[in-house]
Amino acid sequence: MFIIDAHLDLSMNAMEWNRDLRLPVPEIRKSEAGMTDKPDRGKGTVSLPALRKGRVGLVVATQIARYTDPDNPLPGWNSPEQAWAQTQCQLAWYREMERCGEMVQIYDLPSLENHISLWNNDEPDTHKPIGYILSLEGADSIVTLEHLQTAYHYGLRALGPAHYGPGRYANGTDASGRLSPMGKSLLREMERLHLILDATHLCDDAFWDAMDLFNGPVWASHHNCRTLVNHNRQLSDAMIKILIDKKAVIGMALDAWMMVPHWIRGVSDPETMHCSLEIMADHIDHICQLAGNVLHVAIGTDLDGAFGKEQCPYDLDTIAELQKLPAILLKRGYTKQDIELILQGNWLRFLRNAWQ
């Protein structure tokens, strides 16, 4: 079954982890043997061949670069201008993958429909390009609103104002505080440009500000449920309900600490913690119960978000094994039509409405 994944950090992995994502996952793991500079060395789960094998033919792919002021202990760039330059390096990687025929940018309805037709034809998937919708995770690198306009013209179609900690436009995970005046101006310009607002990582205060202020299309690309794992990174039931009211779609993430309670990073083990793909189905179930239907939940794995097999479901070796999800959901009583909506149809409906 064709799958859409609404959150992968492909360019970060290529340019900061120095991974040649054109290689199969086992070859990338082998090349990282003995390396310890990143927690997921030798344990990655994502590459372009793995996406094709799993029929994950369309992804929302990020640019990401945080600005950190001297009082912020998080890693990041020392100026917004440096952060912008980093995102342009990441953009150059996507462009090179396009030149190689590995990827193709999806930025409007015609490019979307053409790409879906390509992946639904009878040709083998092995050489089909992976479609990507460009998203910016955290807005720190948007030096001015003119930079946002530049980004829109090179194909940026979604933006999440926050990431971890304090931000120039909005505070994120593990932080607090309402949208800044700059953040409010950012949302107004996003709405004018018809950009998608990604509510992911917004702290609670900024989330509710954004829900009040922004009248354009909203999604939550990679989130799970606070009722099942109590952390401010997760969506509360009230947040889920307002997103449903706004016709949003919420992508389910496969980062283990967001899936099961009491996870300790660097210590817990997926199998010991019983973290399997069945847990993703628990989070899907919860959102469907709140909505009364299956129309607001989909996939946004974040499987290459600075973690690998050490911190994802134990029954997933690579992203190709998302193809296990139909059988899991079928056992829970979801119909084939429901499953198609969760794996692809809800994102497609959202994009068609947003880009019409």
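The values are calculated or read from the model by the stated rules, or taken from the named source; none is laboratory data. Just so it is clear, the model here is predicted, and its values are computed rather than measured. Methodologically, a virtual Cβ is constructed for each residue, glycine included, from the backbone with ideal geometry; neighbour enumeration extends over all protein chains shown. Quick note on the areas: whole protein, heavy atoms, side chains included, nothing else; ligands and nucleic acids left out. Shrake-Rupley method; radii C 1.70, N 1.55, O 1.52, S 1.80 Å.
Just give me the residues in segment 291-311 being crowded, with 19+ Cβ neighbours inside 10 Å and in contact with a strand residue (DSSP E or B) (Cβ under 9 Å, 6 or more places away or on another chain), in sequence order.
Matches in segment 291-311: HIS296, VAL297, ALA298, ILE299, GLY300, THR301, ASP302, LEU303, ASP304, GLY305.
If we scan segment 169-180, do we find a residue that is of a type in the set (S, T, N, Q), open to solvent by less than 10 Å² (accessible area, probe 1.4 Å) and modelled with pLDDT of 95 or more?
Yes, segment 169-180 has at least one match.
Which residues, taken from segment 42-67, are open to solvent by less than 20 Å² (accessible area, probe 1.4 Å) and either of a type in the set (S, T, N, Q) or over 14 Å from LEU8 (Cβ atoms) (or both)?
THR45, SER47, THR62, GLN63, ALA65
Would you confirm whether or not segment 42-56 contains a residue that is touching a Pro at 6+ places or on another chain (Cβ under 8 Å), among the hydroxyl-bearing types (Ser, Thr, Tyr) and within 24 Å of TYR314 (Cα to Cα)? Break it down into steps so the answer makes sense when it comes.
Filtering segment 42-56 down to residues touching a Pro at 6+ places or on another chain (Cβ under 8 Å) leaves 47, 49-50.
Now narrow it down to the ones that are among the hydroxyl-bearing types (Ser, Thr, Tyr): 47.
Now narrow it down to the ones that are within 24 Å of TYR314 (Cα to Cα): 47.
Yes, because at least one residue in segment 42-56 is touching a Pro at 6+ places or on another chain (Cβ under 8 Å), among the hydroxyl-bearing types (Ser, Thr, Tyr) and within 24 Å of TYR314 (Cα to Cα).
Looking only at segment 216-239, filter to residues that are within 18 Å of TYR152 (Cα to Cα) and open to solvent by 10 Å² or more (accessible area, probe 1.4 Å); which one of those is farthest from the chain's Cα centre (by Cα)?
Ranking the candidates gives GLY216 first.
Do you know which of the residues in segment 252-290 that are in a helix (DSSP H, G or I) and not aliphatic (A, V, I, L, M) is surrounded by the fewest Cβ atoms within 10 Å (Cβ to Cβ)? Can you show your working first?
Let us first name the residues in segment 252-290 that are in a helix (DSSP H, G or I), namely 256-259, 277-290.
This time we only want the ones that are not aliphatic (A, V, I, L, M), so: 257, 278, 282-283, 285-286, 288-289.
On the way: TRP257: 20, GLU278: 15, ASP282: 16, HIS283: 23, ASP285: 18, HIS286: 19, CYS288: 18, GLN289: 10.
Looking at residues that are in a helix (DSSP H, G or I) and not aliphatic (A, V, I, L, M), I get GLN289.
Does ALA139 count as farther than 14 Å from LEU195 by Cα, in contact (Cβ under 8 Å) with a residue 40 or more places away in the chain, in contact with a Pro (Cβ under 6 Å, 6 or more places away or on another chain) and open to solvent by less than 10 Å² (accessible area, probe 1.4 Å)?
Criteria not met by ALA139.
Under 7 Å between Cβ atoms, which residue pairs at least 6 apart in sequence (or on different chains) link something in segment 251-264 that is free of Cβ contacts under 8 Å to residues at least 60 places away in the same chain and farther than 15 Å from LEU277 by Cα with a partner that is open to solvent by less than 10 Å² (accessible area, probe 1.4 Å) and assigned to a helix (DSSP H, G or I)?
So the pair list comes out as TRP263/ALA256.
Does PRO70 satisfy the condition of being open to solvent by 60 Å² or more (accessible area, probe 1.4 Å) and more than 25 Å from ARG349 (Cβ to Cβ)?
Here the answer is yes, as PRO70 does meet what is asked.
Give me a count of the residues in segment 1-29 that are farther than 15 Å from CYS312 by Cβ, of a type in the set (D, E, K, R) and touching a residue at least 12 places away in the same chain (Cβ under 8 Å). Working first, answer last.
As a first pass, look at segment 1-29 and keep what is farther than 15 Å from CYS312 by Cβ: 1-4, 6, 10-12, 14-24, 26-28.
With of a type in the set (D, E, K, R) added as a condition, the list becomes 16, 19-20, 22, 27.
Now restrict to residues that are touching a residue at least 12 places away in the same chain (Cβ under 8 Å): 19, 22.
Residues meeting the conditions: 2.
Given MET35, MET15, MET1, which one is open to solvent by 20 Å² or more (accessible area, probe 1.4 Å) and under 24 Å from LEU341 (Cα atoms)? Steps first, please.
Details: MET35 fails: under 24 Å from LEU341 (Cα atoms); MET15 fails: under 24 Å from LEU341 (Cα atoms).
The match here is MET1.
Would you mention how many residues in segment 294-309 are among the charged types (D, E, K, R) and at negative phi?
From segment 294-309, those among the charged types (D, E, K, R) are 302, 304, 309; that's our starting set.
Next cut, at negative phi only: 304, 309.
Adding up the residues that qualify gives 2.
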